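Derivation of every value follows stated rules applied to the coordinates shown; laboratory data play no part. Since the structure is predicted, the reported quantities are computational estimates derived from the model, not experimental observations. Reconstructed Cβ throughout: ideal geometry from the backbone, glycine too, with neighbour counts over all protein chains shown.
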Amino acid sequence: SQQGEEDPQALSIQEGENATMNCSYKTSINNLQWYRQNSGRGLVHLILIRSNEREKHSGRLRVTLDTSKKSSSLLITASRAADTASYFCATSKNNNDMRFGAGTRLTVKP
Amino acid sequence: DVKVTQSSRYLVKRTGEKVFLECVQDMDHENMFWYRQDPGLGLRLIYFSYDVKMKEKGDIPEGYSVSREKKERFSLILESASTNQTSMYLCASSPTWDRDQAYNEQFFGPGTRLTVL
């Protein structure tokens, strides 16, 4: 299926450390997006990377995409306690076929 | 700012009741979506709509129906609620697919946590 799968399921780090989350998928895609969800809330879009891009930056976020391996990674540098949330990758090929993974639960300890 | 609102944050219903979940967006988006989120399963697409009065089934439409009479409003209906429909329901909207930019960011509401007793 197109649905992404995040790894690890849960990650716990100290404030100031970097956090890396991975996403794998099975079919060809047009773009891959990362979303963040604070506990019990809706999802917020973080960053989108297109299939012809290999790396993208936004503030403390760095996303890579390897279409040959069908995988992506999200790196959060210099993490803060406020980064504690669940992070989801979402893949899509067309307009209405976005599929989300089960997410990585990140805990950043102060 | 894009705003997607959902009618209730928390809802408790009884088995067999008809349940309406309402979603409204204020950005004139063509596309609207309903997902349910369960632990370990991520978000699963129930239904989506790409225009008024249009609807398409997602991955898990059984037990649900939808209505889109106006562009800004997308309703999810549980015809006869069951305990296995206890879940977090998330609504989202997005603008028309930009094929050149491959851009289809979705904007989410805060979610409705539904408990069916």
Problem set entry | Dipole moment magnitude, nearest 20 debye, segment B:1-88 about Cα centre, only Lys, Arg, Asp, Glu C-beta charged | 260 debye
Exercise. What ranking do B:LEU76, B:LEU117 get, fewest neighbouring Cβ atoms within 10 angstrom at the top?
Worked result: B:LEU117, B:LEU76
Problem set entry | Ranking of B:TRP97, B:TRP34 by count of other Cβ atoms within 10 Å, fewest first | B:TRP97, B:TRP34
Problem set entry | Using θ = phi - 60° and Karplus 6.51 cos²θ - 1.76 cosθ + 1.60, couplings along segment B:59-69 (whole Hz; Gly, Pro as x) | 7, 9, x, 4, x, 10, 9, 9, 9, 9, 8
Exercise. For labels at A:THR107 and A:GLN14 in the simple 7 Å Cα→Cβ model, what's the distance in nm?
Worked result: 1.6 nm
For this session: Just round it to a whole percent: the fraction of Cα-Cα distances in chain B exceeding 18 Å.
Result: 48 percent
Exercise. Within chain B, what percent of beta bridges assigned by DSSP are antiparallel, to the nearest 5?
Worked result: 90 percent
Exercise. Using alpha-carbon positions, what is the distance between the centroids of segment A:43-110 and segment B:65-93, in Å?
Worked result: 27 Å
Problem set entry | Lysine pairs within the protein assembly as shown, Cα separation less than 13 Å, 8 or more sequence positions apart or different chains | 7
Problem set entry | Calculated from backbone phi, Karplus (6.51, -1.76, 1.60) coupling profile of segment A:50-67 in Hz, x at Gly/Pro | 7, 5, 9, 10, 10, 8, 8, 10, 8, x, 8, 9, 10, 10, 10, 9, 10, 6
Exercise. Along segment A:14-20, what does the Karplus equation 6.51 cos²θ - 1.76 cosθ + 1.60 (θ = phi - 60°) give for ³J(HN,Hα), rounded to whole Hz, x for Gly and Pro?
Worked result: 8, 4, x, 7, 8, 10, 10
Problem set entry | Alpha carbon Rg of segment A:5-109, scaled by the compact-globule rule 2.2 N^0.38 Å | 1.01
